[in-house]
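This report refers to the structure that appears directly beneath it.
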Amino acid sequence: MKQNNSLTSWQRWLRHPQKLSFRRALFQVHLWSGITLGLYIFFISITGSVLVYRNELYVIFTPEPIISTSTNPVLDEPQLRESAIRQNPGFRVTRFYRAGNRDQAVIIWLQSDTKTIKRLFDSRTGVDVGSASETGVTMVTKLIAVHDNFLAGPAGRKVNGMAAIAVILVLLTGLVIWWPGSARWRRSLVIHKGMGWKRLTWDIHSMMGFWTFVFMMIFTLSGIYLCFPESFHAFADRIQPVTDENAGRRLIDSVLYWLAFLHFGRINGIGIPCSGPGLCDQSVKALWAIFGLAPAVMFVTGTILWWNRVLRRWWRKVFINH
């Protein structure tokens, strides 16, 4: 008898899942967990897609070196330090950097009682030739830190990891409630035209959720790993302890290795038919950047659906019909 009831419930799930109370409960969990984590999901999605190109951004924002055109002899460090102090009264030199090319402008950090400046000085004349502060590079570095730990160090990274664990709940409940029934599941794989903006929003949310589910799960799981690497490695050692025979060749190490690489999209030909940076590598990065925006789109469309189904009705009830 129990088996027949179970079978009947399964048939109802396959044909008309919307009528099941379990499915309605999961819908509420998905809705409110998605709304609660929405801004986090949106922020991590956008910054993650941008940071797929972090190396390219560093190159773009790194200024070309300034090369001296003077025929004077190259000044030594004490001479350059003296010249820097002479041109900046009230400051003292705290750091000095000279590149391998001795014709390249040197970087000197100067500090007063209230201010620190970074300047470039001609290596042959000692003349100040501009600021050494790489604002663009600093911005990229800050963006990485914000994406990683919200500029809060190890504590921020833990918060990031816990939020990513909660996103797993959003993804799994979304996958369950995506199933529209055996007669209509194909309709949930595409966007339909001429159905109005409400249906269009639902189609985008449903379709994108299905086609990008694997990518979003990879981004989330790998993000959790990067937030809690020690826990993952401890678990790996527990399920596959290191021995003299498997040292450096454990399957679990390969899994964790690929988990980290898959998070960033910087494959560089490792394990796929490419040979280092090039068209294939750039194609992978573009794919990762595009799919990395999927959570942001899911948040926007989900918020629109939430407004239409919940907030607008509440707004009318409280402020219009009152």
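So what is the relative contact order for segment 77-133, in percent, with contacts set as C-alpha pairs under 8 Å and at least six apart? Could you put the intermediate results ahead of the total?
Working: 104 pairs, mean separation 16.4, N = 57.
Averaging sequence separation for qualifying contacts and normalising by length gives 29 percent for segment 77-133.
Report the gain in length on full extension from Thr47 to Ala155: 0.36 nm times residue separation, minus Cα-Cα distance, nm rounded to one decimal. Intermediate values should be presented prior to the final figure.
On the way: separation 108, 0.36 × 108 = 38.88 nm, distance 1.95 nm.
Length gained between Thr47 and Ala155: 36.9 nm.
Using the 10 angstrom Cβ neighbour count as an exposure proxy, how do His205, His233, His147 rank, fewest first? It would help to have the intermediate numbers written out before the result.
Values: His205 21, His233 14, His147 18.
If I rank by nearby Cβ atoms, fewest first, I get His233, His147, His205.
What shape does segment 40-174 have by the C-alpha gyration tensor, where a ≥ b ≥ c are the square roots of the eigenvalues, rounded means a/c under 1.5, and otherwise prolate means a/b greater than b/c and oblate the rest?
Numbers: a/c = 4.57, a/b = 2.53, b/c = 1.81.
Because a/c hits 1.5 or more and a/b exceeds b/c, segment 40-174 counts as prolate.
Output wanted: per-residue J couplings in Hz (rounded whole) for segment 18-23, from phi through Karplus 6.51 cos²θ - 1.76 cosθ + 1.60, θ = phi - 60°, x for Gly and Pro.
Karplus values, whole Hz, x for Gly and Pro: 5, 8, 7, 5, 4, 5.
Using the Karplus curve 6.51 cos²θ - 1.76 cosθ + 1.60 with θ = phi - 60°, what ³J(HN,Hα) values do you get for each residue of segment 164-177, in whole Hz, with x for Gly and Pro?
Those phi angles translate into 5, 4, 5, 5, 4, 4, 4, 5, 5, 5, x, 5, 5, 6 Hz.
Rounded to the nearest 5, what % of the DSSP beta bridges within segment 33-165 are antiparallel ones?
Numbers: 15 of 15 bridges.
In segment 33-165, DSSP labels about 100 percent of beta bridges as antiparallel.
Which value, in debye to the nearest 20, gives the size of the charge dipole of the chain about its Cα centre, when Lys and Arg are +1 and Asp and Glu are -1 at the Cβ?
Details: 36 positive and 18 negative charges, 497 e Å.
The calculated dipole for the chain is roughly 2380 debye.
Which of Val29, Val255, Val52 moves most in a GNM of the chain, Cα contacts under 10 Å?
Val255
Between Ala289 and Glu230, what FRET efficiency follows from the Cβ-Cβ distance if R0 is 51 Å, with the result rounded to 0.05? Can you show the working numbers first?
Values: r = 29 Å, r/R0 = 0.57.
With a Förster radius of 51 Å, E is 0.95.
With contacts defined as alpha carbon pairs under 8 Å and 6 or more residues apart, what's the relative contact order of segment 168-322 in percent?
On the way: 97 pairs, mean separation 38.5, N = 155.
Once divided by the residue count of segment 168-322, the mean separation gives 25 percent.
May I ask you to list the lysines whose Cα is less than 29 Å away from that of Lys285, ignoring any residue fewer than eight positions away on the same chain?
Result set, ordered by chain and number: Lys142, Lys158.
222 nm [θ] for the chain, helices only, -39500 (n - 2.57) per DSSP H run of 4+, per residue, to 500? Don't skip to the end; give the middle numbers.
Details: 14 runs with 191 residues, N = 322.
For the chain, the value works out to -19000 deg cm²/dmol.
What percent do you get for the relative contact order of the chain when only Cα pairs under 8 Å and 6+ apart count?
Computed value for the chain: 22 percent relative contact order.
Using r as the Cβ-Cβ distance of Arg199 and Ile165, and R0 as 25 Å, what FRET efficiency do you calculate, to the nearest 0.05? Don't skip to the end; give the middle numbers.
Numbers: r = 33 Å, r/R0 = 1.32.
Efficiency at R0 = 25 Å is approximately 0.15.
When a/c reaches 1.5 or more, the comparison of a/b and b/c decides; with that in mind, is segment 77-133 rounded, prolate or oblate per its Cα gyration tensor?
Details: a/c = 1.94, a/b = 1.62, b/c = 1.20.
It is prolate, given that a/c is not under 1.5 and a/b is the larger ratio.
Of the labelled options (i) 1.33; (ii) 1.42; (iii) 0.96, which one gives Cα Rg over 2.2 N^0.38 Å as computed for this structure?
Looking at Cα Rg over 2.2 N^0.38 Å for this model, the match is (ii).
What's the FRET efficiency of Arg95 with Asp237 using the Cβ-Cβ distance as r and R₀ = 35 Å, to the nearest 0.05?
Working: r = 42 Å, r/R0 = 1.19.
The formula returns an efficiency of 0.25 here.
With 10 angstrom as the radius, rank Cys227, Cys280 by how many other C-beta atoms surround their C-beta, starting from the fewest. Before the final figure, lay out each step's value.
Details: Cys227 22, Cys280 16.
The fewest-first ordering by Cβ neighbours comes to Cys280, Cys227.
Counting other C-beta atoms within 10 Å, which of Ile304, Ile44 has the fewest, and how do the rest follow? Please list the in-between numbers first.
Details: Ile304 17, Ile44 23.
Lowest count first: Ile304, Ile44.
Just so you know, all these numbers are worked out from the coordinates, no wet-lab data involved. The model shown is predicted, which means the values in this text are computed figures rather than measured ones. Cβ: placed from backbone, ideal geometry, glycine included. Neighbour counts: every protein chain shown.
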